[in-house]
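Below is one structure, written out as structure tokens, with a few remarks after it.
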Amino acid sequence: MPKQRTHSASKKRFTRSKSGKLFHVMSNYWHKNVKKSPKAKRHARNAKEVTGGLKKMITRMIGPKKR
């Protein structure tokens, strides 16, 4: 049986912390920045944690945490 391949697009879009949490960068950060408030732009710079069923699906795509 061949090995399961990782999903390349997901690999580029999601990162995993040392503790195993999944993070993604908020979309549309550079899009239409003139009308966004400074607070919205500041919050969009930080990575957001992925939780719930989506975390399980993405973990299956990019592979489990390395030990």
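Taken together, the values in this text are just the output of simple stated rules run on the coordinates, not laboratory data. Because the structure is a prediction, the values reported are computed rather than measured. Cβ placement follows ideal geometry from the backbone for every residue including glycine, while neighbour counts extend to all protein chains displayed.
General observations
- Its Cα gyration tensor gives the chain an equivalent ellipsoid, and the semi-axes of that ellipsoid, as √(5λ) in whole Å with the largest first, are 29, 13, 9.
- Rounded to the nearest 20 debye, the dipole size of the chain about its Cα centre is 160 debye, using +1 on the Cβ of Lys and Arg and -1 on the Cβ of Asp and Glu.
- Nonlocal amide H pairs with Val50, under 5 Å, H built at 1.01 Å: Leu22, Phe23, His24
- Straight-line reach from Lys39: taking Cα to Cα under 23 Å and skipping same-chain neighbours fewer than 8 places apart, the lysines in range are Lys48.
- When the pairs Lys12/Lys35; Lys12/Lys32; Lys35/Lys55; Lys12/Lys66; Lys32/Lys66 are compared against a 26 Å limit on Cα-Cα distance, Lys12/Lys35; Lys35/Lys55; Lys32/Lys66 fall above it.
- Folded to 0 to 90 degrees: helix 53-62 orientation relative to the chain principal axis, Cα: 60 degrees
- Taken one residue at a time, the phi angles of segment 14-29 give Karplus couplings (6.51, -1.76, 1.60, θ = phi - 60°) of 10, 10, 10, 7, 5, 7, x, 6, 9, 10, 9, 8, 5, 6, 6, 5 Hz. Gly and Pro are set to x.
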